[in-house]
Amino acid sequence: MKLAQVGYAEQIQSLKKEMNAIILAHNYQLPEVQDAADFIGDSLALSRQAAETNADIIVFCGVHFMAETASILCPDKKVLIPDLQAGCSLASTINAVELVSWKKEHPDAVIVSYVNTTAEVKALSDYCCTSSNAVKVVESIPKEREILFLPDFFLGSYVAKVTGRSKMFIWPGECHVHAGIKAEDINDKMQRFASAEFLIHPECGCTSSTLYHTSTGEIDVNAHILSTDGMMRHVRESNANQFVVATETGILHRMKRENPDKAFIPVKEEAVCKYMKMITLEKVVNSLMKKRYEVKVQDHVAEKARKSILRMMAVS
Ligand code: 13P
Ligand code: SF4
């Protein structure tokens, strides 16, 4: 860590105590931000931490929809995001107006929204889900009901395949980072790391083809489709010592730190989320000192969105 960063990290520790604040960081955050955090996790785990904390202030080191979720769950706490520009290309693929008009085409359908959506979209949804519980959420809905799943097409296709649902309509949204991870990238790494385990996030463009190959046995790949915390758990429990990781590369820092004897290879070095990387230690310090930028959701939207988020948290 550079000298300036050490200074920021120390400032963060003392400001946190002084202000009774907690720092939550997503698995894709910069290494130094992860190291300064009280808790690192995936979307579901961070929502849970936000709901359970006794802190007065939550500094959310992640992207905007995640901070919104924390704010919806803790309306009496101050939720701060260090950079308001930290958005999400996937969450931007559908807005409330588009969802209302889609729902008009399927008036009886159950709406299942991935957590990567705005609060307005969550407020129109019956269920929210994350990559770690999307399959279970869909399985909890009666088979005869139609489902509108949004916004990630690759995750939706994966869930439809695993659950065998035929009446599931999927919004054609994608995350620019994960959609860029293609079957060719997996194939290339398979040639070079044949004995490694492959960990694949269900938002990846390669998910369907990998699932297909594993189910037919056409290609012998030891692949696991997992959320980011699912990957962390798998790595800890597996006897393998080499893993090819198909998701945003920020997670490799945590993997290496918690499993120093194992080797991790990113499937694609360019799989970097520019929004996640907007949060720096300096911005976290400023966020604490100036109590900025507060993320608040209007009460009537938060009230409806909370119902779908709580349903998500009940299914794990
Ligand atoms: P996780 O829910 O697995 O943390 O994923 C969130 C995300 O933004 C993936 O790109
Ligand atoms: Fe959104 Fe993709 Fe970044 Fe995740 S990696 S926050 S889905 S843009």
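The values are calculated or read from the model by the stated rules, or taken from the named source; none is laboratory data. This is a predicted model, so every value here is computed, not measured. Methodologically, a virtual Cβ is constructed for each residue, glycine included, from the backbone with ideal geometry; neighbour enumeration extends over all protein chains shown. Note: areas computed on protein heavy atoms with side chains; ligands, DNA, RNA excluded. Shrake-Rupley method; radii C 1.70, N 1.55, O 1.52, S 1.80 Å.
Backbone phi angles across segment 5-21, fed through the Karplus curve with coefficients 6.51, -1.76 and 1.60 (θ = phi - 60°), yield HN-Hα couplings of 5, 4, x, 4, 4, 5, 4, 4, 4, 6, 4, 4, 5, 4, 9, 6, 10 Hz in residue order; Gly and Pro are listed as x. Taking other residues whose beta carbon is less than 12 angstrom from the beta carbon of LEU15, and scoring Lys, Arg as +1 and Asp, Glu as -1, yields +2.
Note that segment 58-68 has calculated 3J(HN,Hα) couplings of 10, 9, 9, 9, x, 10, 4, 5, 5, 5, 4 Hz, one per residue in order, obtained from phi through the Karplus relation 6.51 cos²θ - 1.76 cosθ + 1.60 (θ = phi - 60°); glycine and proline are x. Taking amide H positions as modeled 1.01 Å from N, with prolines and chain starts lacking one, the residues under 5 Å from ILE225 and 5 or more places away or on another chain are ILE200. If you take the Cα centroid of segment 71-125 and the Cα centroid of segment 229-278, the two points sit 28 Å apart.
Surface analysis of the chain yields an accessible area of 43 Å² per residue, using protein heavy atoms and a 1.4 Å probe. Quote the relative contact order of the chain in percent (integer), defining contacts as alpha-carbon pairs under 8 Å separated by 6+ residues. It rounds to 24 percent for the chain. For segment 116-228, a Kirkwood hydrodynamic radius built from all Cα pairs, placed in the Stokes-Einstein relation at 37 °C and 0.692 mPa s, yields a translational diffusion coefficient of 220 µm²/s. Using θ = phi - 60° in the Karplus curve 6.51 cos²θ - 1.76 cosθ + 1.60, the 3J(HN,Hα) couplings for segment 115-127 round to 4, 6, 8, 6, 4, 5, 5, 4, 5, 8, 9, 7, 10 Hz; x is entered for Gly and Pro.
Using the rule -39500 (n - 2.57) for each DSSP H run of four or more residues, divided by the residues of the chain, the 222 nm mean residue ellipticity is -13000 deg cm²/dmol. The value obtained for the chain, namely the Cα convex hull volume divided by the number of residues, is 128 Å³ per residue. Take 80-92, 19-31 and order them by the average number of nearby Cβ atoms within 10 Å per residue, most first; the result is 19-31, 80-92. Shape analysis of segment 34-76 yields a ratio of the Cα radius of gyration to the Kirkwood radius, Rg/Rh, of 0.91.
Model label points for ARG292 and ASN222, set 7 angstrom from Cα along the Cα-to-Cβ axis, are 5.0 nm apart. Starting from the amide H of VAL110, placed 1.01 Å from N in the peptide plane, find each other amide H under 5 Å away whose residue is 5 or more places distant or on another chain. Close amide H contacts, sequence-distant or interchain: GLU146, ILE147, LEU148. Taken over segment 188-316, the alpha-carbon convex hull comes to 166 cubic angstrom per residue.
The number of Lys pairs in segment 92-227 with C-alpha atoms less than 22 Å apart, excluding pairs fewer than 8 positions apart on the same chain, is 13.
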